[in-house]
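Structure first, commentary second.
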Amino acid sequence: MTTTITPLIAGNWKMNGLRGSLDELTALAGMLTTGEAPRAVVVICPPATIVAAVARQGASAGILAGGQDCHAAASGAHTGDIAAGMLADAGAQYVIVGHSERRAAYGETDEQVRAKAEAAIGAGLKPIICVGETEAERDAGNAEDVVANQLAGSIPDAAEQHEVIVAYEPIWAIGTGRTPSNDDIAQMHGSIRRQLTDRFGEKGAGVRILYGGSLKPQNAREILQVENVNGGLVGGASLLAKDFYTIISAV
């Protein structure tokens, strides 16, 4: 982990969570306020229906809220979508864009992801921009090129003046229980860091690069010690307070 960058641990609840799920948030808040102070920024990205509740309820424990997606437009005839400004109005400070599930299920392109990131920045949110390769792309030896192209196409030029976060998700590891080796993670995160510094200079050297893909209590401490891993984007393990706290404590 790059020690000069404050780590960030973000929980992506995906399409899980009702108001009753806030009991887990209450439990997490208790752990964070009674135990050793966390050495990481803690973010939870719940379904949009409870973003406001998470922002309100998590505030006393320093838990920040984020959205799972946003539209590139500020408003308009986009039934079922949510604008970045709406998330900010609900109390969110972050938003995930370009998650592999969005890219795969909805065909989102790098250009669309970039537009969403720009919209997020315009609304005062910090975008968590996701990149990652498929198993076939890795097996073909193209993983770094695929991720490099996604980075170039998905990160807006505004990142030179505003905070953005990159999340590397090897798509084949998400929800499968499989993870790359620490050497593979170090190699990819190092490649991402080089591309960020080549493009943004000193600013790129300070961008958080999160690891996502079956990050869980059992492997968090080991992965979070890898060079250029500045935190994690956590899926299923963020739904249970005790599991998520274990990952946060691994920083």
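Computed from the coordinates by the stated procedures, all read-outs in this text should not be read as laboratory data. Just so you know, these numbers come straight off a predicted model, no measurement behind them. FYI the Cβ positions are ideal-geometry reconstructions off the backbone, even for glycines, and counts take in every protein chain you see.
Listing for the model above:
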item: Unit charges on C-beta of K, R, D, E only; dipole of segment 135-200, Debye; result: 100
item: Karplus-derived HN-Hα couplings along segment 128-133 (A = 6.51, B = -1.76, C = 1.60, θ = phi - 60°), whole Hz, x at Gly and Pro; result: 9, 8, 9, 9, x, 9
item: Whole-Hz couplings from phi, Karplus 6.51/-1.76/1.60, listed for segment 161-171; x for Gly and Pro; result: 10, 10, 6, 10, 10, 9, 10, 8, 10, x, 4
item: Estimated FRET transfer efficiency (Gln218, Ala158; beta-carbon r; R0 35 Å; 0.05); result: 0.40
item: Whole-Hz ³J(HN,Hα) from phi, Karplus 6.51 cos²θ - 1.76 cosθ + 1.60, for segment 199-211, glycine and proline x; result: 8, 10, x, 4, 4, x, 5, x, 6, 5, 10, 8, 9
item: Extent along principal axes [Cα atoms of segment 29-159; Å; largest to smallest]; result: 48, 41, 27
item: Spin-label zone in segment 45-63 - amide nitrogen under 16 Å from a point set 7 Å from the Cα of Ala37 along the C-beta vector; result: 60-63
item: Cα-Cα P(r), segment 43-117, percent of pairs per 5 Å interval; result: 3, 18, 25, 23, 17, 9, 4, 1
item: Among Val146, Val95, Val113: highest mean-square fluctuation, GNM of the chain, C-alpha pairs under 10 Å; result: Val146
item: Net charge contributed by nearby residues that have their C-beta within less than 15 Å of Ile128 (K/R +1, D/E -1); result: +1
item: Descending semi-axes in whole angstrom, ellipsoid equivalent of the chain, from the Cα gyration tensor; result: 25, 22, 17
item: Segment 5-142, relative contact order [Cα under 8 Å, separation at least 6], %; result: 20
item: Gain on full stretching of the segment that runs from Ala104 to Ala73 - 0.36 nm per residue minus C-alpha separation; result: 9.0 nm
item: Long-range amide H partners of Val229 with built H, under 5 Å; result: Thr2
item: Least to most buried among Glu160, Glu24 (fewest other Cβ within 10 Å first); result: Glu160, Glu24
item: Computed label-point distance, nm, for sites Glu111 and Asp145 using a 7 Å Cα→Cβ extension; result: 2.2
item: Scattering curve values for segment 167-251, log₁₀ I(q)/I(0), Debye with Cα scatterers, q = 0.15, 0.20, 0.25 Å⁻¹; result: -0.52, -0.86, -1.19
item: Relative contact order (%) - segment 52-95, alpha-carbon pairs under 8 angstrom, separation at least six; result: 45
item: Estimated [θ] at 222 nm from DSSP helical runs (n ≥ 4, -39500 (n - 2.57)) normalised by residues in the chain, nearest 500; result: -11500 deg cm²/dmol
item: Length-normalised contact order of the chain in % [C-alpha pairs under 8 Å, at least 6 apart]; result: 22
item: Solvent-free Debye scattering, log10 I(q)/I(0), computed from the Cα coordinates of segment 3-43 at q = 0.15, 0.20, 0.26, 0.32 Å⁻¹; result: -0.47, -0.75, -1.00, -1.13
item: Viscosity 0.692 mPa s, temperature 37 °C, Stokes-Einstein D of segment 102-251 from Kirkwood C-alpha radius, µm²/s; result: 209
item: Amide H contacts of Gln68 (H built 1.01 Å from N, under 5 Å, at least 5 apart or other chain); result: Ile96
item: Long-range HN-HN contacts of Gly11 with modeled amide H, under 5 Å; result: Val43, Ile44, Cys45, Val234
item: For segment 38-70 versus segment 162-231, the gap between their alpha-carbon centres in whole angstrom; result: 21
